[in-house]
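The values are calculated or read from the model by the stated rules, or taken from the named source; none is laboratory data. This one's a predicted model, so the numbers in the text were calculated from it and none came from an experiment. Using ideal geometry, Cβ is built from the backbone for each residue, glycine included, and neighbour counts are taken over all protein chains shown. When the accessible area is computed, the model is the full protein with side chains, heavy atoms only, and any ligands, DNA or RNA have been set aside. Shrake-Rupley method; radii C 1.70, N 1.55, O 1.52, S 1.80 Å.
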Amino acid sequence: MIERAHRFESEEIRLAALDEPCENAQKPAASTALFAEKAWLKILAGYRQPRATRSAFELAVTAIPFALFWAAAWAAVRYGFLPGLILVVPAAAFLLRLFMIQHDCGHGAFFARRRLDDWVGRTIGILTLTPYDYWRRAHAEHHASAGNLDERGVGDIETLTIAEYNALSRRGRLAYRLYRHPVVMFGIGPAWLFIFKQRLPFGMMRSGPLPWISTMATNLAIALVAALLIWAGGIVPFLLVHLPIVLLAGAAGVWLFYVQHQFEETHWSKKPAWQFQHAALHGASHYDLPPVLRWITGNIGIHHVHHLASRVPYYRLPEVLRDHPELAGIGRITLMESLRCVKLVLWDEQAMRLVSFRDAARLRAAS
């Protein structure tokens, strides 16, 4: 895993390699659909250029409301108006949107100036409790191997095949069931991830100094900012305001990441069948959200396009669907449909779809 993380640290290198002629592309047996999908890399390249003024505007209209809602929630607690704590909800929404900007910075897509993107991402990482450079490396690995059954385990949600699940011991199956339970996945899990796990570079502890520098520097910055806010406003108001904001934003973020890949008709395969373009387009969903939620989440629901061309700024993703409406129907799920994705926990290699524990049990009984 460490070697793959090094190899795919730069997504630009990976995507450039995909554009070159490869052995699979020269085989007559390659499908027409695969060739058609390869053209999307060149088509979407035209949307990769961000607009500096638009990026600056997006940052301002996200960071300023977050600060105002945070301050208003703190003032409500400080002066005893506890109903004002409801303001942590919009504050969490804008913190989630800040994370989407950090996410675009990690892809070099927000300003398209690596140093500026990196420092904006690192600064936002103090608020989102996410060590930017450590996260960026893991996330690049996720993009490079999404949908590949041979390369699971870095920057993704653990997903077992039915055969792998059936081969586990009773304790192993119980552990996997607990891991996939909604209370753990969207409640305990986000708290563990953002508050505790990201304080150390798990998975990259022997991957050079950068992950350690990233996590330790972020930890120090978080401690300094927290100490300053506690000194200015008190520890109780700080905890009553910032902890719910982080937990709400974290739970929403994990939910989005879950739905973007854990839907019934997603794509998983092993090499040599696995192909980057096909996995990107069909292994990520088009989470078709209402306009307000689409704006708050930085259009991250257009995730199949994002995986196919990760350097397209999030505010240009709707342009892609406008100009190429045939992409809108691929992997499309609505807000109501997404609620049913929670039960999809195992990959059926025969039917090529995600199934529930109950479906897997029926298949096992029938075999």
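Couple of notes before you dig in:
- Pair list, Cβ < 8 Å and 6+ apart or interchain, from segment 102-128 residues that are under 29 Å from Leu243 (Cβ atoms) and at pLDDT 95 or above to residues that are open to solvent by less than 10 Å² (accessible area, probe 1.4 Å) and of a type in the set (Lys, Arg): none
- Residue within segment 253-260 that is buried (at least 21 other Cβ atoms within 10 Å of the Cβ) and over 11 Å from the mean Cα position of the chain (by Cα) present: no
- Taken over segment 174-202, the criterion of being open to solvent by 60 Å² or more (accessible area, probe 1.4 Å) and within 30 Å of Phe263 (Cβ to Cβ) is satisfied by Leu174, Arg177, Leu178, Tyr179, His181, Val183, Ile188, Trp192, Phe196, Lys197, Phe202.
- When residues of segment 301-311 are limited to those that are touching a His at 6+ places or on another chain (Cβ under 7 Å) and touching a residue at least 60 places away in the same chain (Cβ under 8 Å), the one farthest from Ile101 (Cα to Cα): His307
- Filter pass, Gly203 being farther than 20 Å from His139 by Cβ and of a type outside the set (D, E, K, R): no
- For segment 265-280, residues that are over 20 Å from the mean Cα position of the chain (by Cα) and in a loop (DSSP other than H, G, I, E, B) total 6.
- Enumeration of residues in segment 52-87 that are closer than 24 Å to Trp255 by Cα and either open to solvent by less than 10 Å² (accessible area, probe 1.4 Å) or outside any helix (DSSP H, G or I) (or both): Glu58, Thr62
- Against the list (1) of a type outside the set (A, V, I, L, M, F, W, C); (2) crowded, with 17+ Cβ neighbours inside 10 Å; (3) farther than 23 Å from Arg180 by Cβ, the condition Gly301 fails is (3).
- Residues that are polar (S, T, N, Q) and in a helix (DSSP H, G or I) within segment 116-150 comprise Thr123, Thr128, Ser145, listed in sequence order.
- If the condition is being open to solvent by less than 10 Å² (accessible area, probe 1.4 Å) and either out of contact with any helix residue (DSSP H, G or I) (no Cβ under 7 Å at 6 or more places or on another chain) or not charged (D, E, K, R) (or both), then segment 107-123 contributes His107, Gly108, Ala109, Phe110, Gly121.
- Glu319 being touching a residue at least 40 places away in the same chain (Cβ under 8 Å) and closer than 26 Å to Gly189 by Cβ: no
- Filtered residues of segment 66-86 (kept if more than 21 Å from Gly298 (Cβ to Cβ) and hydrophobic (A, V, I, L, M, F, W, C)): Ala71, Ala72, Ala73, Trp74, Ala75, Ala76, Val77, Phe81, Leu82, Leu85, Ile86
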